[in-house]
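Colleague: Sharing a structure with you now.
The values are calculated or read from the model by the stated rules, or taken from the named source; none is laboratory data. Keep in mind that what you see is a predicted model, and the values were worked out from it rather than measured. A quick note on method: Cβ atoms are made from the backbone with ideal geometry, for glycine too, and the neighbour counts reach across all protein chains shown. Note: accessible area is taken over every heavy atom of the protein model, side chains too, but ligands, DNA and RNA are not part of it. Shrake-Rupley method; radii C 1.70, N 1.55, O 1.52, S 1.80 Å.
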Amino acid sequence: MEEIKVSPDYNWFRSTVPLKRIIVDDDDSKVWSLYDAGPKSIRCPIIFLPPVSGTAEVFFQQVLALTGWGYRVISLQYPVYWDLMEFCDGFRKLLDHLQLDKVHLFGASLGGFLAQKFAETTHKSPRVHSLILCNSFSDTSIFNQTWTANSFWLMPAFMLKKIVLGNFAKGPVDPKMADAIDFMVDRLESLNQSELASRLTLNCQNSYVEPHKIKDIAVTIIDVFDQSALSLEAKEEMYKLYPNARRAHLKTGGNFPYLCRSAEVNLYIQIHLRQFHGTRYAAISPDMVSTEELEVQESHLRSNHDSEDDQ
């Protein structure tokens, strides 16, 4: 298998989609990095939020595929925030800056938790139209690290990286999953001490989602049946919290299915977003809808065929 960072798709992404840096806080050290691709006429795009170890690049396969079908996609990387309210305030300012009234959010792991907290915080004047939560959680106490959350800022970068790597899959995995892990390790290496410490603090600070505040939002939960950093209890808790959510299960995919099972994940994203076609909250250009429909049917047939081959 070819390493992701030297793959043609990744190089094409890096050479065609510019990385933007935006400051929305008074503190000019807080820089949001993002890729914004697809038709700018779309006012309700899908925004991707990475896990602790991730940067905006980790969703490059979603950016390429979805923009190819006519969607507007934004993949971003957070500045250093030490507090959930501070993050939500910064994210709201970013949406204001981008002139986006409402958005669809795809969050992986910590990204999913932050997406839920943002939807909850803005529930009185809603900014989130729908949520896709991938390998995510609703209560930070599952990590049993709430007592250390306040000391991450003191730890050197190598210790923080060790904590994060402890959640990566151990043992044999298929080549695509191995490539995904290598790529995420590479992304992790690119984060500095304060970036990592602040993300781990948000990940482990004592907090949970209040579902009654976001009960009217359409939710899809994507998770995997094989080994991931999430316990079965955490998954069950998510199902209880969102009884009406659509569930998208992948037989395999580990912690990073959006990298190693991108075709399936992209299909689930399309199925989720299709319910908004023809409304003002569509994330797709209206003239691309019929092309996208055909693509979905084809990829659905392909993935069914592939899963039959796997059995």
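Colleague: Highest mean first, what order results for 12-18, 213-219 on Cβ atoms within 10 Å?
Modeller: Values: 12-18: 13.6, 213-219: 17.3.
Per-residue Cβ counts within 10 Å, averaged per peptide and sorted highest first, yield 213-219, 12-18.
Colleague: Once you place label points 7 Å from the Cα toward the Cβ at Lys162 and Phe225, how far apart are they in nm?
Modeller: 3.7 nm
Colleague: Enumerate the lysines that Lys30 could reach by cross-link, defined here as Cα to Cα under 16 Å, with residues fewer than 8 away along the same chain left out.
Modeller: Cross-link targets: Lys20, Lys93.
Colleague: Between Arg43 and Ile22, what is the FRET efficiency for a Förster distance of 30 Å, r being their Cβ-Cβ separation, to the nearest 0.05?
Modeller: Rounded to the nearest 0.05, the efficiency is 0.95.
Colleague: If you don't mind, there's one more thing I want to ask. Just to be sure I understand, if you calculate percent of Cα pairs over 38 Å apart for this structure, which of [x] 7; [y] 21; [z] 16 do you get?
Modeller: Structure-derived value, by its label: [x].
Colleague: Counting only helical runs of four or more DSSP H residues, what would the 222 nm mean residue ellipticity of the chain come to if each run contributes -39,500 (n - 2.57) and the total is spread over all its residues?
Modeller: -13000 deg cm²/dmol
Colleague: Only bridges whose two residues both fall in the range 11-309 count here: according to DSSP, what percent of them are antiparallel, nearest 5?
Modeller: Roughly 30 percent of the DSSP beta bridges within the range 11-309 come out antiparallel.
Colleague: Could you work out what % of the accessible surface of the chain is carbon and sulfur, using a 1.4 angstrom probe and leaving DNA, RNA and ligands out of the count?
Modeller: Taking all protein chains in place, the chain shows 53 percent carbon and sulfur surface.
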